[in-house]
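Engineer: So that we are looking at the same thing, I have put the structure below in structure tokens.
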Amino acid sequence: MSVKERHRREREARGRAILAAAARVFAGHGLEAATVEMVAREAEVAVGTIYLYFSSRDDLYMSLVVERAERLRERYLAIRSRNLAPLDELRAIAGAYLDHLRDSREIFLSQQSAAFAQLRKRLRRPSEIRHFKRVMDLGHEIFGIWESTIGGCFEAGLIANAMGPTRTAAVMWASLNGAFMLMGDDNFFRDVTGLNPEHFVEEALESHLVAATQGAAPRNREAAASLASTPTTSKSTPASMPAPAPASTPASAPASMAAARATSTSAAAARPTASSTSMRKSKSSSAARSGGAKHNGEKETDELAANPPA
């Protein structure tokens, strides 16, 4: 190993040690109360050594946030590369996020405070602004992976698409954050709610997934029912013509069709049709003609009897 390579590794190791010490200081004192001197004592280095790596306390803090966010991003990408089923991927990514919250609890809580909202306004040094921009870029990328995972569940029909993937991702993300923040004081949470704080955040996630998948099930059933009830047109029958009647009566329909035939027969018996009327008239005319012919024949016979031929 060359001297240059050894110095590079030593510098990287010292930088990681300073960040680890800074995480402990920020966790114990918060962003606003922490100082570079506190970090130096925690890392067991001179104050001047801190400034060899970071330009200010805020730069140190932003670098710490970047380091944790990059770690989360790498874990997300590793999960995506496994090509899991949509719901399995969502559970894995949510689990990775919960691990991230536990490992970076105080950093996360400080980001939710008013101090972090004011942080951007006071940043002046180029390294501070660069690290802040990196935090925002990572935040967008990490949320994009979360949103894409939920979108995969939508496309598979596993989650009800009531609000769309972006809003649903934001609601689930905010719910996890809120549930995690409630766990700041386990005793307080237990006293107020009467619930056991252990695994509460995981249970909150599962409740979201159950509600979402149950919401998707009726939609899938409705879509299937709609598809089944949609009339289809035979390729050999023009769309404007009614489809030919089936060759045989379905087994579920005999009662209704028998009733229809009975109704038709009763109606036919109740009112004479034009053809039956015509047939009766025809029979009457034939009978009249037959009667007339018989009468004429009898008359001719009487005349012959009275006047026999010579």
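Engineer: Between ARG122 and GLU5, what length comes free when the chain is fully extended (0.36 nm per residue of separation minus the Cα-Cα distance, one decimal in nm)?
Structural biologist: On the way: separation 117, 0.36 × 117 = 42.12 nm, distance 3.66 nm.
Working it through step by step, the gained length comes to 38.5 nm.
Engineer: Give me the dipole magnitude in Debye, nearest 20, for the range 107-174 about the Cα centre, with unit charges on the beta carbon: positive for Lys and Arg, negative for Asp and Glu.
Structural biologist: Working: 9 positive and 5 negative charges, 137 e Å.
Using Cβ point charges on Lys, Arg, Asp and Glu, the range 107-174 gives about 660 debye.
Engineer: Can I ask one more? Assuming a ≥ b ≥ c are the square roots of the Cα gyration tensor eigenvalues, decide whether the range 1-73 counts as rounded (a/c under 1.5), prolate (otherwise, with a/b larger than b/c) or oblate. Before the final figure, lay out the partial values.
Structural biologist: Numbers: a/c = 2.30, a/b = 1.43, b/c = 1.61.
It comes out oblate by the Cα gyration axes.
Engineer: Still on this structure, please answer the following. Kindly state, to the nearest 0.05, the FRET efficiency for ARG102 paired with GLU32, given R0 = 30 Å and r defined as their beta-carbon distance.
Structural biologist: Values: r = 23 Å, r/R0 = 0.78.
The calculated FRET efficiency here is 0.80.
Engineer: Calculate the FRET efficiency for THR49 and ARG190 from the Cβ-Cβ distance with a Förster distance of 35 Å, rounded to the nearest 0.05. Present the calculation step by step, with values, prior to reporting the outcome.
Structural biologist: Numbers: r = 44 Å, r/R0 = 1.24.
About 0.20, to the nearest 0.05.
Engineer: Another question, then. How would the range 2-129 be classified by its alpha-carbon gyration tensor: rounded, prolate or oblate, with rounded meaning a/c under 1.5 and the a/b versus b/c comparison settling the rest? Before the final figure, lay out the partial values.
Structural biologist: Details: a/c = 2.21, a/b = 1.41, b/c = 1.57.
Oblate, because a/c is 1.5 or more while a/b does not exceed b/c.
Engineer: Quick one: dipole size for the range 62-117, taken about the Cα centre, charges +1 on Lys/Arg Cβ and -1 on Asp/Glu Cβ, in debye to the nearest 20. Intermediate results must be reported in sequence, preceding the final value.
Structural biologist: Working: 9 positive and 8 negative charges, 18 e Å.
Rounded to the nearest 20 debye, it is 80 debye.
All of the numbers you see were taken from the coordinates with simple rules; none came from a lab. Bear in mind the structure is a predicted one, so any value in this text is a computation, not a measurement. Cβ atoms come from the backbone with ideal geometry, glycine included; neighbour counts cover every protein chain shown.
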